[in-house]
Amino acid sequence: MTKAIYPGSFDPVTYGHLDIAKRAASIFDEVIIAVMINPKKTGMFSLEERVALIEENCKDTSNIRVVSFEGLLTNYMKTQGIKAIIKGLRTTTDYEYEFQMALLNKRLFEQAETFLLPTSEKYSLVSSSMVKEMASFGGPICEYVPRNVEQAIHKKI
Ligand code: PNS
């Protein structure tokens, strides 16, 4: 059984993230979405809230599981027997960052292989930060996030 981990801050999950997770789930036997802390970002949602928002949108895909933990991604992978990392790519800026992360993770765990999936074209502009900013100024976000996420963002702001 080939497992893959899809890590991110998912604060909150967007249609872009869900697209990547579901496409990965059509290739790997199991995809574990790992909700993690990115120390460079301040969060709007707790890890538990982020997990719940994702779970509600992955009910229809039986081989997707959602977890959260703090610490090094590669430590978790070692304990769970996971060697594949999934990352989504929107722009060349994403590529530079993800390429660096892939090398770093490989240095930490030799068997870790990173798979970079280009975003579907219609989601190439979507990011959690952009959605939060749009919402804070009263802009429409229903094109970018599912209904439960839209409602959760509006409750926070
Ligand atoms: O969605 P993001 O914010 O781009 O996700 C970044 C994330 C959470 C995947 C990254 O910060 C991460 O892997 N954090 C866990 C700690 C870790 O293993 N860092 C890599 C080596 S320093």
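The values are calculated or read from the model by the stated rules, or taken from the named source; none is laboratory data. Worth saying up front: this structure is predicted, and the values here are computed from it rather than measured. Heads up, the Cβs are rebuilt from the backbone with ideal geometry, glycines too, and the neighbour counts pull from every protein chain shown.
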* Asked: Filtering the stretch 72-86 down to residues that are in a helix (DSSP H, G or I) and β-branched (Val, Ile, Thr), which residue is farthest from the ligand (Cβ to nearest atom)?
  -> 79
* Asked: Within the bounds of the stretch 107-114, is there any residue that is more than 11 Å from the ligand (Cβ to nearest atom), within 14 Å of residue 5 (Cβ to Cβ) and part of a loop (DSSP other than H, G, I, E, B)?
  -> yes
* Asked: Residues in the stretch 80-90: is at least one out of contact with any helix residue (DSSP H, G or I) (no Cβ under 8 Å at 6 or more places or on another chain) and under 26 Å from residue 147 (Cα atoms)?
  -> no
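Suppose we keep only residues that are basic (Lys, Arg) and closer than 18 Å to residue 98 by Cβ within the stretch 1-42. Which one would you say is surrounded by the most Cβ atoms within 10 Å (Cβ to Cβ)?
Here is the first cut: in the stretch 1-42, the residues basic (Lys, Arg) are 3, 22-23, 40-41.
Within this subset, residues satisfying the condition of being closer than 18 Å to residue 98 by Cβ are 23, 40-41.
Details: 23: 16, 40: 6, 41: 11.
Out of the qualifying residues, it is 23.
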* So which pairs qualify, if the first residue must be in the stretch 8-32 and on the phi < 0 side of the Ramachandran plot, the second must be among the charged types (D, E, K, R) and more than 14 Å from the ligand (Cβ to nearest atom), the Cβ gap must be under 6 Å, and the two must be at least 6 apart or on different chains? -> 30/3; 32/65
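Determine whether residue 83 is surrounded by 14 or more Cβ atoms within 10 Å (Cβ to Cβ) and modelled with pLDDT of 95 or more. First the steps, then the outcome.
Numbers: surrounded by 14 or more Cβ atoms within 10 Å (Cβ to Cβ): yes; modelled with pLDDT of 95 or more: yes.
Considered against the rule, which asks whether it is surrounded by 14 or more Cβ atoms within 10 Å (Cβ to Cβ) and modelled with pLDDT of 95 or more, residue 83 comes out as yes.
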* Would you mention how many residues in the stretch 61-76 are of a type in the set (Ser, Thr, Tyr) and touching a residue at least 60 places away in the same chain (Cβ under 8 Å)? => 1
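Results for (1) within 14 Å of the ligand (Cβ to nearest atom); (2) among the charged types (D, E, K, R); (3) at pLDDT below 95, shown as yes or no for each residue.
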| residue | (1), (2), (3) |
| --- | --- |
| 15 | no, no, no |
| 20 | yes, no, no |
| 39 | yes, no, yes |
| 49 | no, yes, no |
| 52 | no, no, no |
| 101 | yes, no, no |
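Across the stretch 99-113, what is the total count of residues that are surrounded by 17 or more Cβ atoms within 10 Å (Cβ to Cβ) and either without any contact (Cβ under 8 Å) to a residue 12 or more places away in the chain or touching a strand residue (DSSP E or B) at 6+ places or on another chain (Cβ under 7 Å) (or both)? Spell out the reasoning first.
Taking the stretch 99-113 as the starting set, the residues that turn out to be surrounded by 17 or more Cβ atoms within 10 Å (Cβ to Cβ) are 102, 105, 109, 112.
Keeping just the survivors that are either without any contact (Cβ under 8 Å) to a residue 12 or more places away in the chain or touching a strand residue (DSSP E or B) at 6+ places or on another chain (Cβ under 7 Å) (or both) gives 102, 105, 112.
Result for the stretch 99-113: 3.
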* Structure fact -> Checked the stretch 89-103 for anything within 11 Å of residue 118 (Cα to Cα), among the hydroxyl-bearing types (Ser, Thr, Tyr) and assigned to a helix (DSSP H, G or I); matches are 92, 95
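Each row is one residue, and each column tells you yes or no for (1) away from the ligand (no atom under 11 Å from the Cβ); (2) touching a strand residue (DSSP E or B) at 6+ places or on another chain (Cβ under 8 Å).
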{"position": "44", "(1), (2)": "yes, no"}
{"position": "62", "(1), (2)": "yes, no"}
{"position": "88", "(1), (2)": "no, yes"}
{"position": "92", "(1), (2)": "yes, no"}
{"position": "116", "(1), (2)": "yes, yes"}
{"position": "127", "(1), (2)": "no, no"}
{"position": "135", "(1), (2)": "yes, no"}
{"position": "154", "(1), (2)": "yes, no"}
* Residues located in the stretch 1-47, provided they are closer than 20 Å to residue 124 by Cβ and assigned to a helix (DSSP H, G or I) -> 15, 16, 17, 18, 19, 20, 21, 22, 23, 24
* To do: Name, by its number, the condition in (1) closer than 21 Å to residue 147 by Cβ; (2) touching a Lys or Arg at 6+ places or on another chain (Cβ under 9 Å) that does not hold for residue 22.
  => (2)
